[in-house]
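Values in this text are rule-based calculations from the coordinates and carry no lab data. Since we're looking at a predicted model, the values are computed, not measured. Please note: Cβ atoms are built from the backbone with ideal geometry, for glycine as well, and neighbour counts cover all protein chains shown.
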Amino acid sequence: MTRAKALTIGQLDAMKRGGEKIAMLTCYDATFARAMDRAGIDIILVGDSLGMVVQGRETTVGVRVADVAYHVECVARGRERSFLLADLPFGSYHDPATAMVSAVELMRAGGAMVKLEGRGR
């Protein structure tokens with residue numbers, strides 16, 4: 001498979017500023033990542049929802065950084081153009097040092113950016 005250049009955050013920003021629609025889907029494996037990429041999906045998210053969808057959990061709380069990293073690696077092998085976004089799971093960003101270690105693991109696995117959820121103080 002010839003590797004195309006993946007979208008960058010700058011290109012996504014330009015798309016947004018230009019009023020272009022940006023498509024994002026959640027994915028956990030190389031096969032679906034390849035299909036999404038070929039369909040023109042702009043952003044693929046490896047979400048902590050893998051806890052329920054793949055692992056059969058009741059919630060996302062038990063998902064570990066290593067779980068997300070594994071699926072990021074799988075998706076990274078299947079996509080070419082799509083921007084790869086990875087979820088930081090529950091408990092992996094409760095302080096700056098932990099957040100950095102967690103983010104580095106997901107970036108090393110192939111993520112282009114990490115996402116976390118929370119609320120203001």
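Quick notes
- Cα-derived Rg to Rh of region 31-121, Kirkwood definition: 0.98
- Once the C-beta distance of VAL53 and MET113 is scaled by a Förster radius of 22 Å, the resulting FRET efficiency is 0.55 to the nearest 0.05.
- Spin-label model distance (nm) - ALA97 vs ARG17, 7 Å beyond Cα toward Cβ: 3.9 nm
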